[in-house]
Amino acid sequence: MEIIIQNQNTKAVIKTKGAELSSLQKDGKNYIWEVNPDFWNKTSPILFPIVGALKNGEYQFEDTMYQLPRHGFARDFEFEVVEKTENSVVFSLKSSEETWKVYPFNFELKISYVLENNTLIVKYDIINHSSEEMYYSIGAHPAFAIEGNFEEYSLIFDEEKDLETHQLNQDLFSGKTEIIRLDGMVLPLKYHLFEQDALVFKNFATKSLTLAKNNEPVMKVEFPEFPYLGIWTKKDAPFICIEPWLGIADNASASGNLTEKEGIQILEPNAKKSVFWTVELF
């Protein structure tokens, strides 16, 4: 099922499966890519309760081994619609017998979408309903549409500073890094940048990115509370993903213990964590 929210100029379509944003339109133009399974079969999956891949696809918690696929399971579950207005919607996913088999925590995940003028606000509420600490990660993975020549596009950062990207090898961090040089505050987009998978930045000082075409802003993504950022596409694919994360993939030397995982978030008993990101359309 799909849920539509809209205001005078802007419209968003979100699927109940995965609470996944499938369309974001301003004045009839869609800023989310149209799915082509030859490249990728998603538009904007929610990454929870892990971001990226686990070493050997598994983790240990309190002497028990669990298996989780890359990016977790939230994107594959039906969410319940718990609130709806003309310009907003709130989805909820609660732990169940099925989730406990792979993730032994009593949780609720709420995903909120709100349209304000030309901006979409996406909020994640992670709720720990248990009397023990909860370990989790969460991340966004929106794929924004590229029209025409990919190399006419660029990303504008909010400071002039060369970037250090952490390299992936077979979905895990290898420990190697590479310096990405900016032209002022601008990273011209070229497919060869993504030959080794995503560009991944840790403890990222930049908290906003503007996507521009021929130096004209197309949209601005802001992520004030996220310490990690991924940027990804595939060769010749007509999209660019700008991915704020609370958590990252395992590195090749990871112990497999969830409590020791790099980037893992800890939520106190009966507590809630709220984070948000926004995209403004021009």
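Quickly run through segment 167-189 and pick out the residues that are part of a loop (DSSP other than H, G, I, E, B) and touching a residue at least 60 places away in the same chain (Cβ under 8 Å). Within segment 167-189, Asp171 is the sole residue that qualifies. Give Phe282, Phe239 a once-over and let me know the one that is among the aromatic types (Phe, Trp, Tyr), surrounded by 15 or more Cβ atoms within 10 Å (Cβ to Cβ) and in contact with a strand residue (DSSP E or B) (Cβ under 7 Å, 6 or more places away or on another chain). From the options Phe282, Phe239, the qualifying one is Phe239.
Is it true that Glu164 is of a type in the set (D, E, K, R), touching a strand residue (DSSP E or B) at 6+ places or on another chain (Cβ under 9 Å) and surrounded by 13 or more Cβ atoms within 10 Å (Cβ to Cβ)? Judged against the criteria, Glu164 is a match. Residues in segment 36-48 that are under 14 Å from His141 (Cα atoms) and surrounded by 14 or more Cβ atoms within 10 Å (Cβ to Cβ): Trp40, Lys42, Thr43, Ser44, Pro45, Ile46, Leu47, Phe48.
Count of segment 76-90 residues, restricted to those that are within 18 Å of the chain's Cα centre (by Cα) and under 18 Å from Glu116 (Cα atoms), is 1.
Does Ser274 satisfy the criteria of being surrounded by fewer than 17 Cβ atoms within 10 Å (Cβ to Cβ), under 27 Å from Lys11 (Cβ atoms) and modelled with pLDDT of 95 or more? Yes, satisfied.
Only residues in segment 197-215 that are more than 21 Å from Ile179 (Cα to Cα) and in a strand (DSSP E or B) count as the first member; pair them with residues that are at pLDDT 95 or above and hydrophobic (A, V, I, L, M, F, W, C), Cβ under 7 angstrom, at least 6 apart or cross-chain, and list the lot. Filtered contacts from segment 197-215: Ala212/Ile156; Ala212/Val218.
Looking at segment 123-166, none of the strands (runs of 3 or more DSSP E) lying wholly inside it contains 2 or more residues that are touching a residue at least 60 places away in the same chain (Cβ under 8 Å) and in contact with a Gly (Cβ under 7 Å, 6 or more places away or on another chain).
If the condition is being in contact (Cβ under 8 Å) with a residue 24 or more places away in the chain, on the phi < 0 side of the Ramachandran plot, not in a strand (DSSP E or B) and not hydrophobic (A, V, I, L, M, F, W, C), then segment 3-42 contributes Asn7, Asn9, Thr16, Tyr31, Glu34, Lys42. Looking at Ser174, Ser208, Ser130, Ser137, can you tell me which residue is over 30 Å from Ser112 (Cβ atoms), hydroxyl-bearing (Ser, Thr, Tyr) and surrounded by 14 or more Cβ atoms within 10 Å (Cβ to Cβ)? Criteria check complete, one pass: Ser174.
From the set of residues in segment 85-111 that are outside any loop (DSSP other than H, G, I, E, B) and in contact (Cβ under 8 Å) with a residue 60 or more places away in the chain, which is farthest from Lys272 (Cα to Cα)? Of everything passing the filter in segment 85-111, Ser88 is farthest from Lys272 (Cα to Cα). Being under 20 Å from the mean Cα position of the chain (by Cα), at pLDDT 95 or above and surrounded by fewer than 19 Cβ atoms within 10 Å (Cβ to Cβ) holds for only one residue in Leu68, Leu109, and it is Leu68. Out of everything in segment 19-35 that is of a type in the set (A, V, I, L, M, F, W, C) and surrounded by 15 or more Cβ atoms within 10 Å (Cβ to Cβ), what residue ends up being nearest to Asn7 (Cα to Cα)? Top of the filtered list is Leu24. For Glu225, state whether it is more than 29 Å from Met65 (Cβ to Cβ), touching a strand residue (DSSP E or B) at 6+ places or on another chain (Cβ under 7 Å) and part of a loop (DSSP other than H, G, I, E, B). Yes: the conditions hold for Glu225. The sole residue among Ile264, Ile231 that is more than 23 Å from Arg181 (Cβ to Cβ), buried (at least 19 other Cβ atoms within 10 Å of the Cβ), in contact (Cβ under 8 Å) with a residue 60 or more places away in the chain and touching a strand residue (DSSP E or B) at 6+ places or on another chain (Cβ under 7 Å) is Ile264.
The values are calculated or read from the model by the stated rules, or taken from the named source; none is laboratory data. Being a predicted model, the structure only gives us computed values, none of them experimental. Glycine also receives a Cβ, built like all others from the backbone with ideal geometry; neighbour counts cover every protein chain displayed.
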